[in-house]
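Undergrad: Starting off with a structure, shown below.
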Amino acid sequence: MERLNGWWCAERDRIARTLADFVRIDTTAPNEPAAIPFLQRYLGPLGFTLVERPIPDLFWSHPERCPPPLSRLTYGRTLLRAHRPGRAGGGHLAVNCHLDVVPLTEGFGDGFQPVVAGGRVTGRGAADTKGNLVMMAETVRFLDHAGRPPGCELTLDLVAEEETGGNGALASALAGLDADCALVLEPTGLEVFCGHRGCVTFEARFSAHATHMGSASGPPTSAIDLAILGIAALRRLETRMIADAAGDPLFEGWSRPLQINVGRIEGGEWHGSVPARCRIVGNCGFLPCHGLDGARSMLEETLAAVVADVPGAGVELRWPGLRNEALAGDPAHPFAAALAAAAGQGPIRAWNVSCDGRHYGRTLGLPTAIFGCGRLDQAHAEGETLDLADLARGIAILADVLGGAGWRGRPA
Ligand SMILES: [Zn+2]
């Protein structure tokens, strides 16, 4: 640790400048490839070889693929990985790091002009999750410098579109990855997770019988009224789904392990007419015990019940965005356990946020840990910032595991 402190003091300013250079590249989807020249310059001298490969045909018809227009992945785009060989028998660790960042907002228009000050790097993606690629790369540099290079082969899976549904990691997983376990880099505040909740985007289109407002009788039954009743029913569904978490030890300790968020409402035609149409769009978080299909069924049943007794009314459900399955991983796996021990953490639980972990844990069947520097409340935030001390602590934890006695590659 003492050795790391000295190295960190000598390297901190260079590391901050490197992260700033990375943040300066606008990698909002579909611009992720804009980072390739930077990645070649940065990772090449650390022994990584960048490889591009085609997106497998299976991807385009996969049921968990997030559809366009939210997804911008098109034919001709490639998958990007960086490989670094390890020692024979040292195992193979796949490391997911998404290259995309969420778009800038009005209050953060200069988010691609990073600021290094006060021991922090501020800019879009500093916390989510460019700081974590830097944390990983600098761990390798430190271990090389300290004369105990990582024994395991490393594959950095540098994926697109994590923020818009995980299509990059899905495509990569479908292409196959011969690793022993996976590490997904996200701003977890240095907590190690072994799973995460799922998330599905829903669009509910309510319809009702349009008529003159003066001819309406009985309880309110316009499409807008029905949408309001639907939103209230979704709130009750969220309470029921949260109660289900009480039976899942992986989700212990979260006051709100999942959320149903109605993010958009649009409806009505003419202010003197009873509205015939109203649509709501939102995201529904769910637990592994619900699953993607189960969550969809619960949404369908909940909203169908709202219109069931209303003559001439209907509701149609669509799935225009995220189709992120939930992941329940193994908290006892030696890699996750070694990371948690190095982080000085107690029991390993699952994250109340969705991420690419599912594609490694479910699609590839790999033991998967989710971990990284940066705080979740900084991710996607205006003024997004990363404390460099947090990044240094992340290097210490990873170095302990990759270069020390914690995890020596292939699990027994
Ligand atoms: Zn992220």
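Undergrad: Among residues belonging to segment 180-196 that are under 22 Å from GLY86 (Cα atoms) and away from the ligand (no atom under 14 Å from the Cβ), point out the one that is surrounded by the most Cβ atoms within 10 Å (Cβ to Cβ).
TA: ALA182
Undergrad: Here's something else I'd like to know. Return the pairs, sorted by first residue and then second, in which the second residue is modelled with pLDDT under 95, the first residue lies in segment 33-55 and is outside the structural domain of MET136 (by TED's automatic domain parsing), the beta carbons are less than 6 Å apart, and the residues are 6+ apart or on different chains.
TA: Within 6 Å, no pair qualifies.
Undergrad: Among the candidates ARG393, ARG358, which residue alone is farther than 24 Å from GLU138 by Cβ, basic (Lys, Arg) and modelled with pLDDT of 95 or more?
TA: ARG358
Undergrad: I need the full set of residues from segment 344-378 which are surrounded by 21 or more Cβ atoms within 10 Å (Cβ to Cβ), more than 14 Å from the ligand (Cβ to nearest atom) and of a type in the set (Gly, Ala, Ser), in order please.
TA: Result: ALA350, GLY361, ALA369.
Undergrad: I would also like to ask the following. Looking at segment 143-179 only, could you name the residues that are aliphatic (A, V, I, L, M) and within 14 Å of the ligand (Cβ to nearest atom)?
TA: Matches in segment 143-179: LEU158, VAL159, ALA160, ALA169.
Undergrad: If we keep just the residues of segment 379-399 that are within 16 Å of the ligand (Cβ to nearest atom) and of a type in the set (A, V, I, L, M, F, W, C), which is nearest to GLU11 (Cα to Cα)?
TA: The extreme case among them is LEU391.
Undergrad: Of all residues in segment 167-189, which are out of contact with any helix residue (DSSP H, G or I) (no Cβ under 6 Å at 6 or more places or on another chain) and within 15 Å of ILE397 (Cβ to Cβ)?
TA: Scanning segment 167-189 gives LEU183, THR188, GLY189.
Undergrad: Can you pull out every residue in segment 268-297 that is more than 16 Å from GLU316 (Cβ to Cβ), in contact with a helix residue (DSSP H, G or I) (Cβ under 8 Å, 6 or more places away or on another chain) and either among the hydroxyl-bearing types (Ser, Thr, Tyr) or surrounded by fewer than 18 Cβ atoms within 10 Å (Cβ to Cβ) (or both)?
TA: Correct list: GLY268, GLY272, SER273, CYS289.
Undergrad: Identify, by number, the condition in (1) under 30 Å from GLY147 (Cβ atoms); (2) buried (at least 18 other Cβ atoms within 10 Å of the Cβ) that PRO45 doesn't meet.
TA: It is condition (2) that PRO45 fails.
Undergrad: Is segment 79-91 home to any residue that is under 24 Å from the mean Cα position of the chain (by Cα), in the same structural domain as LEU177 (by TED's automatic domain parsing) and part of a loop (DSSP other than H, G, I, E, B)?
TA: no
Undergrad: Check VAL140, VAL121, VAL116, VAL95 and return the single one that is of a type outside the set (S, T, N, Q), assigned to a helix (DSSP H, G or I) and either away from the ligand (no atom under 12 Å from the Cβ) or not assigned by TED's automatic domain parsing to the domain that holds LEU388 (or both).
TA: It is VAL140.
The values are calculated or read from the model by the stated rules, or taken from the named source; none is laboratory data. Not measured: the values here are computed from a predicted model. Don't worry about glycine lacking a Cβ; one is built from the backbone with ideal geometry, like all the others, and counts go over all protein chains shown.
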